[in-house]
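One structure is given here, and the rest of the page talks about it.
The values are calculated or read from the model by the stated rules, or taken from the named source; none is laboratory data. Everything numeric here is computed off the predicted structure, so don't read it as measured data. Positions of Cβ are generated from backbone atoms using ideal geometry, with glycine treated the same way; all protein chains shown enter the neighbour counts. Note: accessible area is taken over every heavy atom of the protein model, side chains too, but ligands, DNA and RNA are not part of it. Shrake-Rupley method; radii C 1.70, N 1.55, O 1.52, S 1.80 Å.
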Amino acid sequence: MINTKALYQLALANWRELTRDYRMILFVFIPPLLTLLVFPLIASMTDEESLITLVLPGDASPAIQDVAAELQANRDLAFEVVDSAEGRRRKENGAFRALVFLPPDAGAGAVVIETPPDSSVKVYAIKSALERAARAAGIPALPVSDGGGFYADPLRYGTVGTLVYALASLGVFGVAIPIIAMRQQGILRLMRTTPVSRLTFVLAQVPARLLLAMGLTVCALLLSRAMWNVTFPQMAAAFGTAMLGFWMFAAFGYLVGGTFTVQEAPFGVGSPVLTFSAIGGAVLFPLVGMPEWVQALPPFIPLSYLADALRQNLGVGGPALFPLWLDLAVVLAVTLAVTFLAVRLFRWDLPEQGYKGEDPSAG
Amino acid sequence: MSNAVVAVRNLFKGYGNYLAVNDVSLEVQRGEIFGILGPNGAGKTTLIEMMCGLRLPTSGTVRVFGFDPHLQQLDVTSRIGVQPQKAGLFDHLTVQETLQLFASAYSDPEPVASVLESVDLVELRKLLVKRLSGGQRQRLLLGVALISGSELLFLDEPTGSLDPRARRRLWEIIMERKQRGRTIILTTHSMEEAQALCDRIAIMHRGRILAMGTPRELMEQYLPERMITFEMEMPPDEARLRVIRGVLQVLVTPSAGRYLVRVRTAEADETLRRLMDPGLFPTARGFRMEQATLEDLFLLLVRRPPGKEEAV
C-alpha cells in the first residue's frame, strides 16, 4: 500500500538530504564528468601524420568535390587527392597507408576506406573527418564502408559508455549507500515504527535520484549533440532508454542497500562487478580483437543491452549487438525482476544474533 | 472482556545462549501509564521493542490491540507512536521538517506547531537536526512519537539524557497525554520517575519480571513495614521496645546528648500508639513515620539470592 502523503514528504526529505550535503552532489557528478572528459582527450591524441590517399572520381559531383576540399582543409589529417586511375594503381602496388574512395555523388554509393593489414591509420578518425566534411558540404549522410573489421568512433562509443557507467554508479552506489547509512544510523528502524510501508519508502527514494539521473543524461545528450549529428528524436529516444536503464540500476541499488548492512559493501562488491560488466559488456569499447570467450560475454550482462540500445538510439555506428527491441525487452525484464526482489528482501534493521540455547518454552 | 491494549504471554527472547527476556507475561490496560522498571541490561528495551514489532520474539505471543505486531505490522503501527531509546534522524532536515515528515505517515497526526511547543523546540524549529544537542535530539524523538497522535505510546527511557528541568517538563507532557486518554508504556531506571508517573509498574531484572502492580500494591506486598523515628533524652530500654507488637528492628543512635531511635515495624499504628504512651516512654518526642521507597523495594527484589527470585 502506498501512502501518497508520506511518499511526498519522504521524497522531499531525500531531495533535501541530497542537496544539502554537497559531498553527495560531488560524488554523483564529478566522477562521471571526469570520465566524459577522458574520451575527448583520447580523441585529441589521434592526430594522423600518415598521408591518406583520397581518390576523387573524374565525374564527381560538386558536392563530392566540396567534401574533398573540406577534407584537404582538415587540420588533423593529411589528405592527398588523386584520380581514380592513380588510386587503383596505388592499391595494386600496396603503396598506401590508407585509401579513401569517394563515390561520384552522395546517393551513388558508399565511401570505401581501405587500409593494409599492418596499417596504424585510425579509420574512425577518417570517418569522423568524412562526416564533418559531408555536413559542411551540405550532405546529411554519407554512407561509409571500410570493408574490414569493426571500427567505431571512440568518442561516440565512449560517450555512450560513460553515460551508462555514470547511471550505473548513481543507481547502484547512490541508492545503496544512503540506505545502508540510514539503517546504520537507525533511521530505518524509526521509520519501521510508523505505518509507512516498504514500498512507499522504496518509491520515495526514486524522485531525487531520478532528477540527478535526468541531469546526467541531459548533459551527456547535449555533449553528444555537440560532438556529432544527433537529432532531437534520437535524443528523446535515448533519454527514455537511459531512464529505463537508471531504473534498472536503482533497483540493483535497492537490492544491495536493502540487504547489505555495511556501507563499504556496495563498493567492495559493486565496483568489481560494475567494472567487469562495463568491460565484458562492451560498454566502454568494442570487444573486437578480444579472445572469443570475452566476445561471448555481452549476452549475459544486462549493461551490454542498455549500452547497445543507447548506441542505436544515438546513431553511434558500427554493428549492433542485438536488435533494439531485444535490448529494451531484456532491460525491462531485468528491471522488473530486480525491483520485485528489492522490495521483497528489503531489511529495515540490522540482523539480530540468533538464539542457540535450549527451547525456552519447553521448561 | 479484557480492556487490555497490550497483552504479552510467556514471552522469551534469546541471543546466543543468553535469554534477554525470560518468560514475561503482562497486560496493559487502556488509559494507564505502565512503567517497566529495571537496571541497565534488565531486558526492558528488548521487551518494549518486541511489543512494537521491532524485534521478533524467540517464543511467546505479543498482541497490541489484538494484532500481532510482526504479522499485522500496519494494523499496529498505524495506532502506536514509538520513541526508541536509540534511533537516527535525517541530519540535514530541520526540526520542523522532521516532524512534518513523520506526521505525514499518520492519518490523524497532532499539529506540528503543538508538538513543537510540547517538546519545547519552537525556537529551534529551523535548526538542522545535526546541530541539536543530545537532550534536544531526545526531545525531538519524543516529538516524533507524539506527532503520531496515536492512542498508545511506547517511550523507551524518554528522560535518559535530559536535565532535571527538561525531565519535569516531559513528565508534564506524559501526564497530559494520559489525561487525553492515551495509554503509555515507558521504560525507566529512575524510581522517582516510575513513582511520579506510573499507574502500574513491572520491575524487571535479568529478563524476568520480579514484581508487578501499582506502586502502593507493591509496597504493601513486599515492604509493608514502616520506619518510626523519634528522640529520647535517656537511653531507651531496647528490650521493652522489641516486645511491642509488630516491631521487627530497633536502632539506637546517640546524637548531641540525645538518642535517635529508629523502629522498623510491620504494624505501624499499634507500634506508634504504644510508643506514644507517656507511661511507657515518657521522654519520647518528635515522632516521624516513613514508608520504604520504590528504591528500597527495587533493591530488595534485585538483591535476593538467585534461588529466591520469583518471576511474576
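Residues in the stretch B:116-131 that are more than 11 Å from B:Gly143 (Cβ to Cβ) and either at the interface with another protein chain (Cβ under 10 Å from one of its Cβ atoms) or not aliphatic (A, V, I, L, M) (or both): B:Glu123, B:Lys126, B:Leu128, B:Lys130, B:Arg131.
Among the residues of the stretch A:318-335, those identified as open to solvent by 40 Å² or more (accessible area, probe 1.4 Å) and either under 20 Å from A:Thr217 (Cα atoms) or part of a helix (DSSP H, G or I) (or both) are A:Leu324, A:Trp325, A:Leu326, A:Leu328, A:Ala329, A:Leu332, A:Ala333. Scanning the stretch A:62-80 for residues that are more than 32 Å from the chain's Cα centre (by Cα) and surrounded by 18 or more Cβ atoms within 10 Å (Cβ to Cβ) yields A:Ile64, A:Ala68, A:Phe79. Consider A:Trp247 carefully, then state whether it is open to solvent by 10 Å² or more (accessible area, probe 1.4 Å), closer than 27 Å to A:Thr200 by Cβ and not acidic (Asp, Glu). In short, yes.
Summed over the stretch B:252-286, residues that are in a strand (DSSP E or B) and more than 25 Å from B:Gln221 (Cα to Cα) total 10. For the stretch B:37-47, the criterion of a residue being within 14 Å of chain A (Cβ to nearest Cβ) and either in contact with a helix residue (DSSP H, G or I) (Cβ under 7 Å, 6 or more places away or on another chain) or β-branched (Val, Ile, Thr) (or both) is satisfied by at least one position. Just one of the listed residues (A:Met227, A:Met191) is open to solvent by 10 Å² or more (accessible area, probe 1.4 Å), touching a helix residue (DSSP H, G or I) at 6+ places or on another chain (Cβ under 8 Å), in the same structural domain as A:Gln9 (by TED's automatic domain parsing) and not polar (S, T, N, Q), and it is A:Met227. Pick out the one residue from B:Asp75, B:Asp23 that is at the interface with chain A (Cβ under 10 Å from one of its Cβ atoms) and part of a helix (DSSP H, G or I). Step by step, each of B:Asp75, B:Asp23 is checked, and only B:Asp75 is at the interface with chain A (Cβ under 10 Å from one of its Cβ atoms) and part of a helix (DSSP H, G or I). Close contacts from the stretch B:20-39, counting a first residue that is within 19 Å of B:Arg206 (Cα to Cα) and a second that is surrounded by fewer than 19 Cβ atoms within 10 Å (Cβ to Cβ), with Cβ to Cβ under 6 Å and a gap of 6+ residues or different chains, come to B:Asp23/B:Asn10; B:Ser25/B:Arg9; B:Ser25/B:Asn10; B:Pro39/B:His189. For the stretch B:8-19, the set of residues classified as open to solvent by less than 20 Å² (accessible area, probe 1.4 Å) and in contact (Cβ under 8 Å) with a residue 40 or more places away in the chain consists of B:Val8, B:Leu11, B:Phe12, B:Lys13, B:Gly14, listed by residue number. Candidates are the residues of the stretch B:78-115 that are small (Gly, Ala, Ser) and at the interface with chain A (Cβ under 9 Å from one of its Cβ atoms); the one that is surrounded by the most Cβ atoms within 10 Å (Cβ to Cβ) is B:Gly81. Taking (1) under 19 Å from B:Pro69 (Cα atoms); (2) in contact with a His (Cβ under 7 Å, 6 or more places away or on another chain); (3) crowded, with 20+ Cβ neighbours inside 10 Å in turn, B:Gly38 satisfies each apart from (1). Would it be correct to say that B:Val144 is buried (at least 17 other Cβ atoms within 10 Å of the Cβ) and more than 10 Å from chain A (Cβ to nearest Cβ)? The answer is no for B:Val144. May I ask you to list the residues in the stretch A:204-223 that are part of a helix (DSSP H, G or I) and within 14 Å of chain B (Cβ to nearest Cβ)? Those that are part of a helix (DSSP H, G or I) and within 14 Å of chain B (Cβ to nearest Cβ): A:Ala204, A:Ala208. Could you please find all residues in the stretch A:293-317 being over 15 Å from the mean Cα position of the chain (by Cα) and part of a loop (DSSP other than H, G, I, E, B)? A:Ala296, A:Leu297, listed by residue number. Among the residues making up the stretch A:250-261, a single one is open to solvent by 60 Å² or more (accessible area, probe 1.4 Å) and part of a helix (DSSP H, G or I): A:Phe252.
Of the residues B:Ala239, B:Ala211, the single one that is part of a helix (DSSP H, G or I) and not acidic (Asp, Glu) is B:Ala239.
Contact annotation: no residue pair with Cβ atoms under 8 Å, 6 or more positions apart or on different chains, pairs a residue in the stretch B:229-247 that is more than 17 Å from B:Arg273 (Cα to Cα) and modelled with pLDDT of 90 or more with a partner that is of a type in the set (A, V, I, L, M, F, W, C) and surrounded by 12 or more Cβ atoms within 10 Å (Cβ to Cβ). Report whether or not B:Gly88 is assigned to a loop (DSSP other than H, G, I, E, B) and closer than 21 Å to B:Gly207 by Cα. Answer is no for this residue. Scanning the stretch B:50-69 for residues that are open to solvent by less than 40 Å² (accessible area, probe 1.4 Å) and more than 9 Å from every other protein chain (Cβ to nearest Cβ) turns up B:Met50, B:Met51, B:Pro57, B:Val62, B:Val64, B:Phe65, B:Asp68, B:Pro69. Within the stretch B:177-199, one or more residues are in contact (Cβ under 8 Å) with a residue 40 or more places away in the chain, open to solvent by 50 Å² or more (accessible area, probe 1.4 Å) and touching a Leu at 6+ places or on another chain (Cβ under 6 Å). Evaluation of A:Ala237 against the conditions (1) open to solvent by 10 Å² or more (accessible area, probe 1.4 Å); (2) without any contact (Cβ under 8 Å) to a residue 60 or more places away in the chain shows that the sole unmet condition is (2).
Within the stretch A:204-233, residues that are without any contact (Cβ under 8 Å) to a residue 12 or more places away in the chain reach partners that are open to solvent by 10 Å² or more (accessible area, probe 1.4 Å) with beta carbons closer than 7 Å, at six or more positions or on different chains, in the pairs A:Arg225/A:Met235. Could you tell me how many of the residues in the stretch B:121-135 are closer than 21 Å to A:Arg16 by Cα and part of a helix (DSSP H, G or I)? Number of matching residues: 3.
Taking the stretch B:164-175, which residues are touching a residue at least 12 places away in the same chain (Cβ under 8 Å), farther than 15 Å from B:Leu121 by Cα and open to solvent by 10 Å² or more (accessible area, probe 1.4 Å)? Selection gives B:Trp171, B:Met175.
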